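Here the structure comes first, spelled out in structure tokens, and everything after it is commentary.
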There are 2 protein chains.
Amino acid sequence: MLLHRPFQLHARSRFSLLSLSSPFRRGITYLPKSHTKLQRRSVIRISASITAKPSSELRKKHKSSDPDDKLVALRELFSRPNINIDAYIIPSQDAHQSEFTSECYARRAYISGFTGSAGTAVVTKDKAALWTDGRYFLQAEQQLSSSWILMRAGNLGVPTTSEWLNGVLSPGCRIGIDPFLFSSDAAEELKEAISQKNHELVYLYDVNLVDEIWKESRPKPPNRHIRLHDLKYAGVDVSSKLSSLRSELINAGSSAIVIPMLDEIAWLLNLRGSDIPHSPVMYAYLVVEIDGAKLFIDDAKINPEVNHYLKNAGIELRPYESILSEIESLALKGACLWLDTSSVSAAIVNTFKSACDKYISAAGVVVNNNKKAVPNGPEGQSCGPTAVYRTSPVSLAKAVKNEAELEGMRNCHLRDAAALAQFWAWLEEEIGNGVILTEVDVADKLLEFRSRQDGFIGTSFDTISGSGANGAIIHYKPEPSSCSIIYAEKLFLLDSGAQYIDGTTDITRTVHFGQPSSWEKECFTRVLQGHIALDQAIFPENYPGFVLDAFARSSLWKIGLDYRHGTGHGVGAALNVHEGPQSISFRFGNMTPLLKGMVVSNEPGYYEDHAFGIRIENLLCVKEATTPNRFGGVDYLGFEKLTFVPVQAKLVDLSLLSTTEIDWLNDYHEQVWEKVSPLLDGPAHEWLWNNTRPLVKA
Amino acid sequence: MLLHRPFQLHARSRFSLLSLSSPFRRGITYLPKSHTKLQRRSVIRISASITAKPSSELRKKHKSSDPDDKLVALRELFSRPNINIDAYIIPSQDAHQSEFTSECYARRAYISGFTGSAGTAVVTKDKAALWTDGRYFLQAEQQLSSSWILMRAGNLGVPTTSEWLNGVLSPGCRIGIDPFLFSSDAAEELKEAISQKNHELVYLYDVNLVDEIWKESRPKPPNRHIRLHDLKYAGVDVSSKLSSLRSELINAGSSAIVIPMLDEIAWLLNLRGSDIPHSPVMYAYLVVEIDGAKLFIDDAKINPEVNHYLKNAGIELRPYESILSEIESLALKGACLWLDTSSVSAAIVNTFKSACDKYISAAGVVVNNNKKAVPNGPEGQSCGPTAVYRTSPVSLAKAVKNEAELEGMRNCHLRDAAALAQFWAWLEEEIGNGVILTEVDVADKLLEFRSRQDGFIGTSFDTISGSGANGAIIHYKPEPSSCSIIYAEKLFLLDSGAQYIDGTTDITRTVHFGQPSSWEKECFTRVLQGHIALDQAIFPENYPGFVLDAFARSSLWKIGLDYRHGTGHGVGAALNVHEGPQSISFRFGNMTPLLKGMVVSNEPGYYEDHAFGIRIENLLCVKEATTPNRFGGVDYLGFEKLTFVPVQAKLVDLSLLSTTEIDWLNDYHEQVWEKVSPLLDGPAHEWLWNNTRPLVKA
């Protein structure tokens, strides 16, 4: 699945790629014009369930009540004495910057009626506006009432949220936000932008105004039990992970870290949850100190086994809501707190800063509250609380998989491949028999095949199932009410993935059920050449992923083609299907080197508007390459394939391929047969045989 | 010729690549360890002549006098009342950040006795230290007297100049520099570093202390006449160029620019000089205002024709030495001055700042002296002098060649190729006859062949002529007294170039006169594959060059090989052999896009210490590629070859090449024959025929 970057608060989706606010985007000055790309977050669901329900059932729409009543109710809150604001901003995010969120946090969808995945609502005393990007203009037009102004983000002349606020409010207004829903960096950027008109950014800690009017109809926060992630899949136990983290804290001169990212918590503690669709995580905060750790979580989610496990690991339980008072306590005891301001909320960062200030005035001493940590005075005693602003060390540790995690990834990919072989055999048979199937039907059927596999937990993202022109909509999500049928005479693109007990999958194949045109074959073959070039790349250690991106595009560039998305994203091990910090992309700002053990997708594509889409995606693991030389004394790295599903031979124009490329394809198919055929029988076994036969250039 | 970045003042050559001080290096965080590279500036010459003298004659050493006397004399100056310093730093640079400098500016070589191209001397009241990099450790050991400490820059534990000064001086000292010899950025960095020990950086405007003791023995500054660069080669006349520059000034809200870079001045005015070896430029400053321009130059260099030409172009002449008073005048008349602080000297930037301050206190008004230009008040009248800190706009304008410049480049490359064919035919014949020739002999002979070509002016850099192991010394410069003979049974690397009236060349070929080993052939073939991959690259417009760098390395990486230099540098049209702002390199910080009309080198290599060096270099011009599609509505770019000299077939292992690669080689050789054979007769004609025959895979 393609990586879709989180929608930007300021509705500058088209320009926000150039923003310096994210560590992933630094240093970009000349971004190719053609590569500015709209972004996306997953659609917010009615149901937070991630059990294997058919997609059709999962896709009920929010009932739309009169949005005017909601706006009236919201504005009434503006004038409460403890609130006293002139505008309120409602983003899509939850408090953990999650890519997918639980339904109870879908506040922007509730207040605006617009259920698209990406958008920001801004309500003033007399206006209400919603920003979304080009993928959702039509949907937003249909769903927004006349009380709302639709802001087509990215269109020429459309202001950002802060520009709009600066324009419609008289100077010196108070603009409210829920400070939990903004990263500290995002809030600072917003504060700076609105300060041009002397507006004040008001952090409303105690109440989310949308929740206040949502009341009883608001879905309950998820509270299902969390589970242990078996050590045979995790590979490293929680005490070792905590011990490594504590070494990092000590090296950075800090005494504690607060971790809001849900996948980082799940990884660090070897726990998994089911609070969020597609991602096996649970809502929580984790605070790790040198001599202890506290998990802030709704204790209804903790069964006796997990309770015992956490106790053994020295992790104390605290209520989810008490995170801010913990932050204050940390300041009071003079902690040097590691804060990743790109992910930690403005609420937490500001609470810590205020508590530090209080400490200082109480102590009557001057302490260094700058970026440099000064945890101890000259005699070793604490000289007051400080903050270290750095990228979370858990992000990189999690990205580099250990052997057990890789083994889980390898194993689940074979089971996933078996499900896909069964699916493709079934689909070809059905289409061949003239059965009419919709894009949603096939996504549901695929889910059915996958759900029969051992250890299956759920999808890892919404299946992208696009026939013909729909395949060219990079972020296409078929809806039962409006989706297309699968045309036998058109290209069909299927991007899907699953969560298993032992790993996470993500695969795209593009097929044709009839006779592809020579143009479709040429495009497919060039995408395949890019896929092969990246798969076969060998490169010295410490190179960032973007160095390899051009390998995947070169064959398309030769004839003036390209694609407007990155080539590869990180993938978690039985965790989020998208994870950082590495990537393989034309976004040159991400300098994270590719390291042995990282998992990345390899997914070049080509998309012809109103015609077809092509993408070929495997997951790869970075491994040491066994080169005969090691110039410079460094390791040379390459990739190991994790995905083993045939590439449709019918779409390959062999005359365009070099001998090496044909050898690659035949070797791959031989491996597919050897690894996956033992898991199959019947028509799927036969389908696999037919689809892994060696190709010979005429 | 490889691009050797200027030696860094602070003797951190190995780490300075990570410095953020240069706009070329921004955004680098993870630089591959294996690619930190020592840097180099050209050797400073006794003679400033660039006429076609044989290398042997050009390579006389500086006579070494007793350096102690010089140090004593220098230190005596420290205590003069108007000087009053505790230390003095003597860099290699001239006042224009030139890669090659005139001999009269070789102050560091004079004071230290060390004549290597890269180095910084620092003299305190009781110590003297010289920093240089690994290429020069041996030479420096031989040349430095016992009064000097050799600082082996880049070696573990060796301090930078500022670290050393901070260590040896008691706090609060005065450290003097000649502010003309430091860019403003470099001086600011130095000031910041030494401020840690409360040292003050003292700008000695009025006197260069080394010149003061050098006295009569100091070579006279060059004063030969400058010449017009014919419009048929320049393509655009001076008034059009000035008019474009003035549009840029107006767009940036500035009213004037000061240009210290000698190649920018030569390009802008369509003038050429002979003040510096290898570079056809003259020492000068240029100040361009909206309604006028002034050239600051020794008027002995101006003949009546040039005088008339400049008058017609509206360019006034001023003495070279009066630049600072002009800068003061600009401030006094309220100019908004465009300053590129990476190239403009600290002397100029600080003079302008001081003059602005004076203006302010005199006027008693508050003006905006920040980066944003505020040239005019609300009623249109000037509201005080300001500065705009930006990269010089001339750099990019010069890099994008017009059709006349490209035509000159194409033409001179054919004549250069004819000289090289004559040279290689001669050399193979001599070696075949058992004649013993040294590396310097063959460099001299090559100069002789080139000097017979029409429009030849001189070499564009010191010829790198390395047999066997010497070829592995990337910055090798053979000396008559110590160089090797050309071994018939070893690889021979020859990197050379010339200045012609119509263009500049730079070419490397590697050959074997006997029977190369299969390992040498494999290495050569992989370098060739990288060369072909870059030559054949097609890419969308607006991509920076580093995206293509991996294409040139990929074939080497496959077997764990690499090279520790960039793949391509910009080349001037009848100007400097190295120019920015573009590059093709693993230094990911240079985001300058490759643009149609830019000239770059394509020079992958492989170097095996103590054994051999391989490099294959052509110059290329960026051109629009005629792709059948234009996805994204952008132009796709590719390269046109400028260099037409055969690649030695004997060194190619055809079994490693794909059909496409063999086709490339045969097609190239066919073009070489067609374009160059008409310029040849006799043995060279026959040599070219033999060396351009098509190759067929067995």
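The values are calculated or read from the model by the stated rules, or taken from the named source; none is laboratory data. Computed from a prediction, not measured in an experiment: that's the story for all the values here. FYI the Cβ positions are ideal-geometry reconstructions off the backbone, even for glycines, and counts take in every protein chain you see. Heavy atoms of the whole protein, side chains included, go into the accessibility calculation; ligands, DNA and RNA do not. Shrake-Rupley method; radii C 1.70, N 1.55, O 1.52, S 1.80 Å.
Things worth noting here:
- Sorted from closest to farthest, the other copies place their B:Ile436 label points 9.3 nm away, with each point set 7 Å from Cα along Cα→Cβ.
- Close amide H pairs (under 5 Å, H built 1.01 Å from N) link A:Gly154 with A:Ser13, A:Arg14, residues at least 5 positions away or on another chain.
- Theoretical FRET efficiency, 1/(1+(r/R0)^6), r = Cβ-Cβ of B:Ser658 and B:Lys215, R0 56 Å, to 0.05: 0.30
- Computed over every Cα-Cα pair of region A:515-640 and binned at 5 Å starting from 0, the pair-distance distribution P(r) comes out as 2, 11, 20, 21, 18, 13, 8, 4, 1, 0, 0 percent.
- Helix-only mean residue ellipticity at 222 nm for the protein assembly as shown, each DSSP H run of n ≥ 4 adding -39500 (n - 2.57), per residue, nearest 500: -10000 deg cm²/dmol
- Relative contact order %, region A:624-698, counting alpha carbon pairs below 8 Å whose residues are six or more apart: 33
- In a simple Cβ point-charge model (Lys, Arg +1; Asp, Glu -1; nothing else charged), region A:400-549 has a dipole of about 180 debye relative to its Cα centre.
- Förster radius 51 Å - calculated FRET efficiency between B:Glu624 and B:Ser518, Cβ distance, rounded to 0.05: 0.80
- Residues of region B:93-217: accessible area per residue with a 1.4 Å probe, Å²: 37
- Under 5 Å between amide hydrogens, built in the peptide plane, is the criterion, and for B:Leu491 it picks out B:Gly468 among residues at least 5 positions away or on other chains.
- Antiparallel bridge percentage (DSSP; both residues within the protein assembly as shown; nearest 5): 75
- Where both bridge residues fall in chain B, DSSP classifies roughly 75% of the beta bridges as antiparallel.
- A:Ala140 sits among other residues whose Cβ lies under 11 Å from its own Cβ, and their net charge, with Lys and Arg +1 and Asp and Glu -1, is 0.
- Buried solvent-accessible surface, both chains (B, A), 1.4 Å probe, Å² to nearest 100: 3900
- Per residue accessible area of region B:269-353, 1.4 Å probe, in Å²: 31
- 7 Å along Cα→Cβ, label-point gaps from A:Lys311 to other copies, nm, shortest first: 10.1
- Near-label residues of region B:202-237 by backbone N, under 18 Å of a point 7 Å along Cα→Cβ of B:Glu403: B:231-237
- Dipole check for the protein assembly as shown: with +1 at the C-beta of Lys and Arg, -1 at the C-beta of Asp and Glu, and the Cα centre as origin, the magnitude is about 1720 Debye.
- Charged neighbours of A:Ile226, selected by a Cβ distance under 9 Å, balance to +3 (K, R count +1; D, E count -1).
- Placing R0 at 35 angstrom, the Cβ-Cβ distance between B:Val72 and B:Ser361 gives a FRET efficiency of 0.25 after rounding to 0.05.
- Percent accessible area from carbon and sulfur atoms, region B:519-666, protein chains only, probe 1.4 Å: 47
- Charge dipole of chain A about the Cα centre (unit charges at C-beta), most positive-ward option of A:Gly638, A:His225, A:Ala256: A:Ala256
- Average accessible surface area per residue within region A:626-685, 1.4 Å rolling probe, Å²: 43
- Distribution of pairwise C-alpha distances over chain B, 10 Å bins, in %: 3, 14, 25, 26, 19, 9, 3, 0, 0
- Pairs from the list B:Lys191/B:Lys215; B:Lys70/B:Lys353; A:Lys521/A:Lys558; B:Lys232/B:Lys477; B:Lys215/B:Lys301; A:Lys232/A:Lys596 with a Cα-Cα gap above 25 Å: B:Lys191/B:Lys215; B:Lys70/B:Lys353; B:Lys232/B:Lys477.
- Checking every one of the chymotrypsin sites (Phe, Trp or Tyr not before Pro) in region A:188-228 against DSSP loop status and a limit of 14 other Cβ atoms within 10 Å picks out A:Tyr205.
- Taking only the Cα atoms of region A:451-599, the ratio Rg/Rh comes out at 0.99, with Rh defined as the Kirkwood radius.
- Whole-percent carbon and sulfur share, accessible surface of region B:228-296, 1.4 Å: 49
- Relative contact order [Cα under 8 Å, 6+ residues apart], chain A, whole percent: 12
- For A:Ser518, neighbours were defined as the other residues whose beta-carbon sits under 15 Å from its Cβ, and their charges (Lys and Arg +1, Asp and Glu -1) total -2.
- Percent accessible area from carbon and sulfur atoms, region B:395-465, protein chains only, probe 1.4 Å: 49
- Share of Cα-Cα pairs in the protein assembly as shown lying beyond 47 Å, as whole percent: 44
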